[in-house]
Amino acid sequence: MPFLRKGRLALWFLVLSANAYRNLSDTTLQTLSRPGTDFNIHNGSILAPLLQPRVPGTLGSEAVRRHIVQFFNSTLPEWKIELQTSTSRTPISEDQPVPFVNIIAYRDPPGANPTDIRRLTLVAHYDSLKEPEGFIGAIDSAAPCAIIMHAVRSIDAALTRQWNHTQCDSKYGLQVIFTDGEETFGNTLLANDGLYGSRSLAANWAVDKYPLSSTYESRLLSISLFVLLDLLGSKNPHIASYYPVTHRDYRRLAILESRLRGLGQLKSGGMEGISWFVDRAVDARNITRRSIEDDQVPFSALGVDILHLIDVDPVTGEFPKVWHTLDDDGGHLDMDTVEDWGVLITAFLAEWLELDGYME
């Protein structure tokens with residue numbers, strides 16, 4: 001347990017036992033809000049503004065960043081917003097460094113010391129690929145950003161009700177990271193091309209230590225679970241499990257998907273009895289898939305637990321057909337699937353944060 005202060009092993013086991021899952025009731029699952037018109041690709045208040053080229057350092061990137069920040073400021077006023085900036089040269093920028101701006105939004109229980117809080121963390125990158133010119137990146141990753149925004153808004157009032165409860169003494173907060181610069185700039189695979197924002201943020205949070213009196217050593221290591229969404233929005237996704245230590249969380253998502261379908265709460269079609277979660281029946285000890293290089297890499301290397309939700313064919317290893325093509329736009333999203341992801345991630349948050357009885 002290298003991320004805990006010496007002498008805090010007992011506390012760690014207490015934290016683990018306190019985070020045992022409690023299943024959401026059917027009633028709660030049947031009352032989860034859907035994104036609806038907010039995900040309209042033309043004028044939806046959440047998704048539509050994301051569907052534009054947003055290469056780091058461009059006006060499109062700035063516009064999308066403003067949209068995300070304004071969303072939290074206007075609809076989630078209890079959340080705190082931070083921007084973490086860095087610059088880096090890319091294979092095509094020559095001597096001109098490119099700016100990268102990560103967006104961090106979080107909400108902690110009232111009165112809690114931030115250095116004593118563990119945060120469930122949802123992550124997606126908001127930048128888009130530079131080439132081909134005009135690339136939108138709907139699955140990659142405008143839709144994942146919108147899914148996260150919908151989910152946290154959907155459970156925010158329940159968090160308030162839970163934390164206002166007289167017997168509530170929660171040590172868990174909720175955090176969202178929208179990373180910049182996930183995409184590469186060059187046409188060849190270079191070791192330091194891509195993951196610009198996530199590399200900068202992970203390094204910054206790792207060295208920025210909390211005071212010695214804190215429960216956790218750093219903000220990086222207070223992340224309870226790093227849930228990364230990428231390439232989501234195509235019909236019939238294939239989501240594999242890559243990390244044995246978080247296979248329980250993966251299975252929880254698979255169970256929630258099955259329950260939601262059984263209750264008629266999901267709209268997307270597909271083959272009857274076929275789950276999005278291809279490793280749902282696999283034991284954690286048999287998870288041997290090779291992880292996919294994405295924004296989780298710098299965090300995983302520093303000891304953070306990762307749940308990677310990315311659509312990859314389990315047989316061929318191929319990404320969705322529209323990946324890195326001009327067809328990856330709003331018109332090629334399967335909107336029933338995108339909406340269902342919004343409902344499923346909302347359910348996952350509500351269950352993980354034990355909000356049953358507080359959702360209305």
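Throughout, read-outs are computed from the coordinates displayed, never taken from laboratory work. Keep in mind the model is a prediction, meaning the values are calculated, not measured. Please note: Cβ atoms are built from the backbone with ideal geometry, for glycine as well, and neighbour counts cover all protein chains shown.
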Check S224: other-chain or 5+ apart residues with amide H under 5 Å from its amide H, H built from backbone geometry?
-> R119, L120, T121
Among F72, F100, F178, which one moves the most in a GNM of the chain with springs linking Cα atoms closer than 10 Å?
-> F72
Calculate one ³J(HN,Hα) per residue across region 65-75 by plugging θ = phi - 60° into the Karplus curve 6.51 cos²θ - 1.76 cosθ + 1.60, and present them in order as whole Hz with x for glycine and proline.
-> 4, 4, 4, 5, 5, 5, 4, 5, 5, 8, 10
Positive end of the charge dipole of the chain (Lys, Arg +1 and Asp, Glu -1 on Cβ, about the Cα centre): tell me which of I46, V282, L159 has its Cα farthest that way.
-> L159
Indicate, rounded to the nearest 5 percent, the antiparallel portion of the DSSP beta bridges found entirely in the chain.
-> 45
Highest-first arrangement of 230-243, 213-226, where packing means the average Cβ count within 10 Å = 230-243, 213-226
Using unit Cβ charges (K, R positive; D, E negative) and no other charged atoms, how large, in debye to the nearest 20, is the dipole of the chain about its Cα centre?
-> 1300
Sorted by mean Cβ packing within 10 Å, highest first, what order do the peptides 297-303, 171-177, 73-79, 262-268 take?
-> 171-177, 297-303, 262-268, 73-79
Mind ranking 33-42, 47-56 by how tightly packed they are, going by the mean number of other C-beta atoms within 10 angstrom, highest first?
-> 47-56, 33-42
Using the structure shown, list the pairs from K171/K209; K80/K209; K80/K267; K130/K267 with a Cα-Cα distance above 25 Å, or answer none.
-> K80/K267; K130/K267
Fewest to most neighbouring Cβ within 10 Å: what's the order for I148, I310, I92?
-> I92, I310, I148
Residues with amide H under 5 Å from that of V312, placed H, sequence gap 5 or more | H238, A240
Taking θ as phi - 60°, what are the ³J(HN,Hα) couplings along region 101-118 by the Karplus curve (6.51, -1.76, 1.60), each to the nearest whole Hz, with x for Gly and Pro?
-> 10, 7, 10, 10, 10, 8, 9, 10, x, x, x, 6, 6, x, 7, 10, 10, 9
The answer for the per residue Cα convex hull volume of the chain, in Å³, is 139
